[in-house]
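Working notes, structure below.
The values are calculated or read from the model by the stated rules, or taken from the named source; none is laboratory data. These figures come from a predicted structure and were not determined experimentally. As a convention, Cβ positions derive from the backbone with ideal geometry for all residues, glycine included, and neighbour counts pool all protein chains shown. All accessible areas refer to the heavy atoms of the entire protein, side chains included, with ligands and DNA or RNA removed. Shrake-Rupley method; radii C 1.70, N 1.55, O 1.52, S 1.80 Å.
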Amino acid sequence: NQAAGYGAVRGGVRFCAAYPITPATEVLEWLAPALPKIGGTLVQAEDELASINMIVGASYGGVPSVTATAGPGLSLMTEAIGLAVAAEVPIVVIDVMRGGPSTGIPAKSEQSDVNIAVNGLHGDAPRLVVAPNSIADCVSATQWAVYLAEAMQSPAIVLSDQYFGQTRAVVDPPADIGLVTARLKPGAGEEGYKRYAITASGISPMAIPGNPGTAYTADGLEHNERGLPSSQSGDHIRQLDKRAKKLEQFDYGPRWADIEGEGELALVTFGSCTGAAREALARAAAEGIKGRLVSLRLLSPSRPEHMASALAGATRVLVVEQNHTGQLYRYLRAEYDLPGKVKSFRHPGPLPMRPDEIHQQITQWSRS
């Protein structure tokens, strides 16, 4: 949690509004004294609804903003995240997943917010979903999420979990990811400003309130290129295409996943299951069973061509995750053409995913 807060600051965040919730509160406790030191502000809001709307407002005013919560809070935030999609306002929501549904098991880990993160908004509402795969990566992945949100003027959800969030570890200082967070803004004296102009990249200049000649309406209604509310079919389709295209065409580089090893067996996982999967593959390799690891960092948007390359030559794919229904497995089957035989191995919290049980799945499957 402290690493995620640090990553947000390194990404350029200078405003946080949030309501305490287990197991995300340490993000706020770290940011509370850290932000004022660099000219930033943290506000403890009265609830999650206020938190998400505060950061939408702060970001609309030009300040990179973040909130941190867990599953119940994310549920309350979904409508306002949809507003940020429609108004193209960049925000970052750190979701430290815990056992659910409802109040569930607040102090134990579970990767059961995949569905709500990638599919949980009404309407066609593309958004970024990033998942760190180690405690140190909570710094880099969160910093990357801020960069992506600001560059594409889009909401980004960071899927951490209780296992990462409330663990202490000694790690090497994470290297800077080498990306400068910046938001595309209109030039000085620009005439005929169109906030939602249709561009080749899908990204249009976002003005800061108060700049002469760049006033526009930003709300949840569909709009034309100037931001005026419109119910015309052409405007709706053009804006839907615009919001989808900017995420689909963006160059995410190699950070979309960590890919290790080789072999006909591939383990696909994300988040805190990565370490256990890596150790299980090492044990299998000692027994002569070759396998590769694909740990997803970018869950949404999907990267079909990149995944096809990562899994080239694989004949068996084992999807490993910590939830009851195989949420990642179902998402992958919907978004990707996975090669060969595909199998899901999952179990919910509160017990962590262990290397030995993944190793057993590998060895049993390799003998069948």
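When each of 94, 81, 116, 105 is tested for being under 22 Å from residue 330 (Cα atoms) and either at pLDDT below 95 or touching a Gly at 6+ places or on another chain (Cβ under 9 Å) (or both), the lone residue that passes is 116. Among the residues of segment 16-56 satisfying the criterion of being charged (D, E, K, R) and part of a loop (DSSP other than H, G, I, E, B), which is nearest to residue 103 (Cα to Cα)? Checked segment 16-56; the qualifying residue nearest to residue 103 (Cα to Cα) is 47.
Do you know which of the residues in segment 184-206 that are basic (Lys, Arg) and open to solvent by 30 Å² or more (accessible area, probe 1.4 Å) is farthest from the chain's Cα centre (by Cα)?
Keep residues of segment 184-206 that are basic (Lys, Arg), which gives 185, 194-195.
Okay, now just the ones that are also open to solvent by 30 Å² or more (accessible area, probe 1.4 Å), so 185, 194.
Working: 185: 24, 194: 29 Å.
The selected residue is 194.
The numbered conditions (1) within 17 Å of residue 247 (Cβ to Cβ); (2) in a helix (DSSP H, G or I) are all true for residue 75 except (1). Looking only at segment 1-58, residues that are free of Cβ contacts under 8 Å to residues at least 40 places away in the same chain and aliphatic (A, V, I, L, M) come to 13 in all. When segment 90-118 is filtered for residues that are within 17 Å of the chain's Cα centre (by Cα) and either part of a helix (DSSP H, G or I) or over 24 Å from residue 6 (Cβ atoms) (or both), the ones remaining, listed by number, are 110, 112, 114, 115, 116, 117, 118.
Taking the criterion of being surrounded by 15 or more Cβ atoms within 10 Å (Cβ to Cβ) and among the hydrophobic types (A, V, I, L, M, F, W, C), the residues of segment 207-224 that qualify are 207, 218.
Yes/no per residue for (1) open to solvent by 10 Å² or more (accessible area, probe 1.4 Å); (2) among the aliphatic types (A, V, I, L, M); (3) in contact with a Lys or Arg (Cβ under 9 Å, 6 or more places away or on another chain):
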{"position": "64", "(1), (2), (3)": "yes, no, yes"}
{"position": "75", "(1), (2), (3)": "yes, no, no"}
{"position": "86", "(1), (2), (3)": "yes, yes, yes"}
{"position": "106", "(1), (2), (3)": "yes, no, yes"}
{"position": "124", "(1), (2), (3)": "yes, no, yes"}
{"position": "133", "(1), (2), (3)": "yes, no, yes"}
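Does residue 339 fit the bill of being in contact with a strand residue (DSSP E or B) (Cβ under 8 Å, 6 or more places away or on another chain), open to solvent by 20 Å² or more (accessible area, probe 1.4 Å) and over 26 Å from residue 128 (Cβ atoms)? For residue 339, the condition - in contact with a strand residue (DSSP E or B) (Cβ under 8 Å, 6 or more places away or on another chain), open to solvent by 20 Å² or more (accessible area, probe 1.4 Å) and over 26 Å from residue 128 (Cβ atoms) - is met. In segment 195-209, is there at least one residue being part of a loop (DSSP other than H, G, I, E, B) and at pLDDT below 95? Scanning segment 195-209, I find at least one residue that is part of a loop (DSSP other than H, G, I, E, B) and at pLDDT below 95, so the answer is yes.
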